[in-house]
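For reference, the structure discussed in these notes is given below.
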Amino acid sequence: MAAPGTLRVLLAGVAGYGAGLLPSATLAARLARGGGVDLHTSGSGNPGATNAASLLGPGWGVAVLVLDMGKGAAAAALGRALGGPAGGAAAGAASIAGHVFPAPSRFRGGKGVATSAGASLVLFPAYFPLDAAVAYLSATRTQDADRAIQISCTAWTVAALVWWRRGLPNAWGPPPTASLPAFAGLGSAVMLARLAVNRRAAGR
């Protein structure tokens, strides 16, 4: 029989995945256009804030961004309350998985950038400004969103390892433990898997 702590972490992961399923972009499309626009098939085909802003308007893009960040943050906070740092890591990574590979939508989700940022605000706030800077610089230098995500994921995972091994301050987040690089590594793996699926679908 699993230990109580293990059960709490598992429960946190299930709750995190459920939070990640909130279809922010789909809800925005229904409210803005009465469901007449499917962000999965229109524009870039990505049900995220950027595509929502392009097809529905900037205000709707901001709304989707806030909701996607909010579900990641809420999942991480709930997971931390349920199972401590390990529970927060499980819920945070699972919320990214729920957004990127949502079962109700036949596993066709977004790229997970905003959801991962929201979870990081709760679990790894010390790195959040650096994460935003890396994402911005990589995007503007490469002019390639997928490449920017790859760079950001690498930097995020390496930073989490450094913070854990050196015990660096983590602002209002939990003290760094092995769960921090686990969260960053699993979250990054999910996001990179989405990019790989997208590339295969596009025949690249």
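Okay, residues lined up against (1) surrounded by fewer than 19 Cβ atoms within 10 Å (Cβ to Cβ); (2) over 30 Å from Thr177 (Cβ atoms); (3) at pLDDT 90 or above; (4) small (Gly, Ala, Ser):
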| site | (1), (2), (3), (4) |
| --- | --- |
| Gly45 | yes, yes, no, yes |
| Ser54 | yes, yes, no, yes |
| Val66 | yes, no, yes, no |
| Gly79 | no, no, yes, yes |
| Gly84 | yes, no, yes, yes |
| Ser95 | no, no, yes, yes |
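Answer yes if at least one residue in segment 127-141 is in contact (Cβ under 8 Å) with a residue 24 or more places away in the chain and within 30 Å of Arg8 (Cα to Cα), and no otherwise. Yes, segment 127-141 contains a residue that is in contact (Cβ under 8 Å) with a residue 24 or more places away in the chain and within 30 Å of Arg8 (Cα to Cα). Comparison of Ala90, Ala148, Ala77 shows that the only residue that is over 29 Å from Thr6 (Cα atoms), in contact (Cβ under 8 Å) with a residue 12 or more places away in the chain and not in a loop (DSSP other than H, G, I, E, B) is Ala148. Among the residues of segment 144-172, those identified as under 18 Å from Gly92 (Cα atoms), small (Gly, Ala, Ser) and out of contact with any Phe, Trp or Tyr (no Cβ under 6 Å at 6 or more places or on another chain) are Ser152, Ala155, Ala160, Ala171. Hey, could you check segment 26-43 for residues that are surrounded by 18 or more Cβ atoms within 10 Å (Cβ to Cβ) and among the hydrophobic types (A, V, I, L, M, F, W, C) and say which is nearest to Phe101 (Cα to Cα)? In this case the residue turns out to be Leu39.
Mind listing just one residue for me: the one in segment 1-15 that is modelled with pLDDT of 95 or more and of a type in the set (Gly, Ala, Ser) and, of those, surrounded by the fewest Cβ atoms within 10 Å (Cβ to Cβ)? My answer is Ala15.
Taking segment 145-204 as the range and being closer than 17 Å to Val100 by Cα and among the polar types (S, T, N, Q) as the test, the residues that pass are Gln150, Ser152, Ser188, Asn198.
Residues that are assigned to a helix (DSSP H, G or I) and within 17 Å of Ser44 (Cβ to Cβ) within segment 94-114 comprise His99, Val100, Ser105, Val113, Ala114, listed in sequence order.
The values are calculated or read from the model by the stated rules, or taken from the named source; none is laboratory data. All figures in this text were calculated on a predicted structure; none of them were measured in a lab. Cβ sites come from the backbone with ideal geometry, for glycine too, and all protein chains shown count toward neighbours.
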